[in-house]
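Everything below concerns the one structure shown next.
The values are calculated or read from the model by the stated rules, or taken from the named source; none is laboratory data. Here the structure is a predicted model, which is why all the values come from computation and not from measurement. Glycine gets a Cβ as well: all are built from the backbone with ideal geometry, and neighbour counts include every protein chain shown. Quick note on the areas: whole protein, heavy atoms, side chains included, nothing else; ligands and nucleic acids left out. Shrake-Rupley method; radii C 1.70, N 1.55, O 1.52, S 1.80 Å.
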Amino acid sequence: MVEYDAVVVGAGILGLSTAYHIKKENPNAEILVVDKLGAAGQGNTAKSACAFRCIFSSHTNFLLADSSVEFYRHVQDDLKVDLKLKFIGYLWLLCEEEYKELYLVLRNLAQEGFSYREYEAEELAQKLKMKTSFTSDEEAKLMNLREVYKGIYIPKAGTVDADCLVRFYEEEFLKMSGKIGYGVKVNGFIIEPYEPLDIPGEPYFWQESRIAGVKTSKGPIRAKKTILAAGAWTPELLDEIGIECFIKPKKRQIFPIEAKTPELQQLLFTKEFNKEGCIPFTILPKPKVFIRPFPDERVFWVGYSDDFPRAYKLEEEPKTEKNFYEYGIYQVLVKYFPQFKDRKPAAPFAGHYAINTLDGQPVIFEEKDLIVVGGASGSGIMKADSIGRIAAALYKGEEYAVLYGGREFKVSDLSLKERKVEPEKLII
Ligand SMILES: Cc1cc2nc3c(=O)[nH]c(=O)nc-3n(C[C@H](O)[C@H](O)[C@H](O)COP(=O)(O)OP(=O)(O)OC[C@H]3O[C@@H](n4cnc5c(N)ncnc54)[C@H](O)[C@@H]3O)c2cc1C
């Protein structure tokens with residue numbers, strides 16, 4: 001049976017970025033990517049809002065996102081591959097309490113050279129035709145909604161198209177003679193002793209054993225290294241062999257609203273913030289409902305990443321919940337943006353975050369010839385290129401990965417045993 005140098009499980013953005021960087025660094029290596037679905041990026045990558053930001057207090061977050069975004073910019077500007085990368089900015093709408101909590105963090109970041117701009121509530125009310133105060137709104141008070149005190153606009157932030165990114169990595173990987181098998185479901189791992197004794201049922205606990213590939217719906221695939229980049233499905237495969245990865249799935253829902261009315265069109269094409277002439281990716285004060293604009297498609301996506309008591313649970317075909325929009329998101333949204341009044345979502349959908357429950361940062365580690373790449377916790381698109389480079393450095397046994405632009409990243413910092421990540425203070 002053929003033995004690949006590496007088999008990558010998962011053709012989402014993380015699996016493809018990893019496969020691409022491994023192949024680029026090891027052109028002679030035989031690399032096979034497999035995915036149970038029929039094409040690339042059809043898992044949670046396809047469900048993403050694809051927003052990014054390059055301002056973080058945590059150096060880990062900053063390096064992962066900023067280097068990835070700079071690579072995407074290079075692909076689009078220098079290699080002329082349209083990734084629909086748009087610097088439309090982030091607009092965080094903050095209540096007074098939130099602003100005071102973040103003020104020092106933001107000031108320190110400004111001293112380090114990060115740029116942002118503050119907007120007063122009145123300016124926001126006028127530019128966005130939004131409500132920033134709820135003086136005589138008993139309902140808003142009952143809902144515990146906070147008045148907008150300031151807006152923080154981050155220019156080095158925006159949106160990208162996950163499908164274009166996926167296609168870029170897939171095509172480049174194939175051009176380098178990488179192989180991909182779609183419709184191949186991995187059911188488990190091939191586990192073998194390093195020194196087989198040909199006794200029934202081996203390996204036994206007294207034998208040194210390793211992962212020697214995967215068992216799939218199309219038969220076994222042997223590989224020197226197995227790379228698991230199965231996103232939200234990662235723990236279900238690892239639990240079976242007793243490897244803890246601290247990754248748990250959590251459902252996330254998106255509700256697209258078409259900008260069919262003049263008021264919504266005016267909001268979508270708010271000119272004042274960016275050169276794209278559209279409203280930035282906007283986040284409301286707590287509860288942080290977000291608005292993601294698609295000016296070309298004349299649509300907004302709205303969503304909310306709920307926590308307690310949302311279960312850590314994987315649904316093979318996750319369903320959206322009508323009440324989550326009608327009694328949740330909608331009620332909050334219209335208080336700030338009355339333009340959304342009576343608007344119903346068209347074709348809502350749900351996916352999963354693969355959440356790293358330790359610290360919300362990605363996980364990249366190796367155990368018994370298995371490399372695990374995942375746990376991007378809702379920011380896998382904006383960090384995918386760096387994650388792929390770090391996984392490729394681990395594959396090669398290097399201590400440091402060189403991210404796009406030449407910045408170094410210690411590979412073990414995202415491992416489980418020697419993990420070293422800086423906590424994020426700029427959580428909005
Ligand atoms: C609603 C939502 C909004 C998001 N918004 C953003 C955002 O604004 N910005 C951002 O940066 N990130 C965002 N994310 C997160 C981002 O989409 C993910 O971090 C990223 O797509 C994860 O990529 P992945 O390759 O790890 O996972 P996936 O894309 O899910 O890929 C995993 C692949 O593994 C395959 N697979 C699984 N099990 C098996 C098996 N047994 N056999 C074979 N194949 C298997 C699956 O079919 C899938 O294709 C969002 C996610 C969601 C759900």
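Just checking, which of Val69, Val75, Val7 is modelled with pLDDT of 95 or more and more than 14 Å from the ligand (Cβ to nearest atom)? Walk me through how you get there before you give the answer.
Working: Val69 fails: more than 14 Å from the ligand (Cβ to nearest atom); Val7 fails: more than 14 Å from the ligand (Cβ to nearest atom).
Testing whether each residue is modelled with pLDDT of 95 or more and more than 14 Å from the ligand (Cβ to nearest atom) leaves just Val75.
Conditions: (1) open to solvent by 10 Å² or more (accessible area, probe 1.4 Å); (2) within 15 Å of the ligand (Cβ to nearest atom); (3) among the aliphatic types (A, V, I, L, M). Leu64 meets all but one. Number of the miss?
Leu64 satisfies all of (1) open to solvent by 10 Å² or more (accessible area, probe 1.4 Å); (2) within 15 Å of the ligand (Cβ to nearest atom); (3) among the aliphatic types (A, V, I, L, M) except (1).
Could you check region 378-403 and list, in sequence order, the residues that are within 16 Å of the ligand (Cβ to nearest atom), among the hydroxyl-bearing types (Ser, Thr, Tyr) and surrounded by fewer than 24 Cβ atoms within 10 Å (Cβ to Cβ)?
Ser379
Among residues belonging to region 12-33 that are farther than 30 Å from Tyr304 by Cβ and among the polar types (S, T, N, Q), point out the one that is farthest from the ligand (Cβ to nearest atom).
Asn28
Within 16 Å of the ligand (Cβ to nearest atom), in contact (Cβ under 8 Å) with a residue 40 or more places away in the chain, surrounded by fewer than 20 Cβ atoms within 10 Å (Cβ to Cβ) and not in a loop (DSSP other than H, G, I, E, B) - does that describe any residue in region 135-156?
No - not one qualifying residue is present in region 135-156.
Residues being more than 6 Å from the ligand (Cβ to nearest atom) and open to solvent by 50 Å² or more (accessible area, probe 1.4 Å): count how many of those fall in region 34-50.
2
Hand me the list of strands (runs of 3 or more DSSP E) wholly inside region 343-428 holding 1 or more residues that are within 28 Å of Cys95 (Cβ to Cβ) and of a type outside the set (A, V, I, L, M).
Correct list: 349-356.
What number of residues within region 331-343 are free of Cβ contacts under 8 Å to residues at least 40 places away in the same chain and among the aromatic types (Phe, Trp, Tyr)?
Qualifying residue count, region 331-343: 0.
Hey, can you tell me all the residues within region 378-402 that are more than 18 Å from the chain's Cα centre (by Cα) and not small (Gly, Ala, Ser)?
Let us first name the residues in region 378-402 that are more than 18 Å from the chain's Cα centre (by Cα), namely 392-402.
Result: Leu394, Tyr395, Lys396, Glu398, Glu399, Tyr400, Val402.
For region 1-34, which positions are aliphatic (A, V, I, L, M) and assigned to a strand (DSSP E or B)?
Once the filter is applied, which keeps residues that are aliphatic (A, V, I, L, M) and assigned to a strand (DSSP E or B), region 1-34 yields Ala6, Val7, Val8, Val9, Ile31, Leu32, Val33, Val34.
Starting from region 166-189, keep only residues that are closer than 23 Å to Pro220 by Cα and in contact (Cβ under 8 Å) with a residue 40 or more places away in the chain, then list their pairs with residues that are open to solvent by less than 60 Å² (accessible area, probe 1.4 Å) and among the polar types (S, T, N, Q) whose Cβ atoms are within a distance under 8 Å, requiring at least 6 positions of separation or different chains.
Close Cβ pairs satisfying both conditions: Val184/Thr216; Lys185/Thr216; Val186/Thr216; Phe189/Thr226.
One line per residue, one yes/no per condition, for (1) within 12 Å of the ligand (Cβ to nearest atom); (2) surrounded by 22 or more Cβ atoms within 10 Å (Cβ to Cβ); (3) in contact (Cβ under 8 Å) with a residue 12 or more places away in the chain:
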{"residue": "Glu244", "(1), (2), (3)": "no, no, yes"}
{"residue": "Pro256", "(1), (2), (3)": "yes, no, yes"}
{"residue": "Pro262", "(1), (2), (3)": "no, no, no"}
{"residue": "Gln265", "(1), (2), (3)": "no, no, yes"}
{"residue": "Gly277", "(1), (2), (3)": "no, no, yes"}
{"residue": "Thr282", "(1), (2), (3)": "no, yes, yes"}
{"residue": "Pro285", "(1), (2), (3)": "no, yes, yes"}
{"residue": "Lys288", "(1), (2), (3)": "no, no, yes"}
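Tell me which residues, restricted to region 140-188, are among the hydrophobic types (A, V, I, L, M, F, W, C) and in contact with a Gly (Cβ under 7 Å, 6 or more places away or on another chain).
Ile154, Ala157, Ala162, Val166
Quick check on Glu208: is it of a type outside the set (Gly, Ala, Ser), more than 16 Å from the ligand (Cβ to nearest atom) and under 29 Å from Ala51 (Cβ atoms)?
It is false that Glu208 is of a type outside the set (Gly, Ala, Ser), more than 16 Å from the ligand (Cβ to nearest atom) and under 29 Å from Ala51 (Cβ atoms).
From the list Gly375, Gly303, which one is within 16 Å of the ligand (Cβ to nearest atom), under 30 Å from Leu267 (Cα atoms) and of a type in the set (Gly, Ala, Ser)?
After ruling out the rest, the residue left standing is Gly303.
Please specify each residue of region 331-364 satisfying the condition of being open to solvent by 10 Å² or more (accessible area, probe 1.4 Å) and aromatic (Phe, Trp, Tyr).
Phe349, Tyr353
Taking interchain pairs and intrachain pairs at least six residues apart, which have beta carbon atoms under 7 angstrom, with the first residue in region 42-62 and under 28 Å from Gln111 (Cα atoms) and among the hydrophobic types (A, V, I, L, M, F, W, C) and the second part of a helix (DSSP H, G or I) and within 6 Å of the ligand (Cβ to nearest atom)?
Phe52/Ile381; Phe52/Met382
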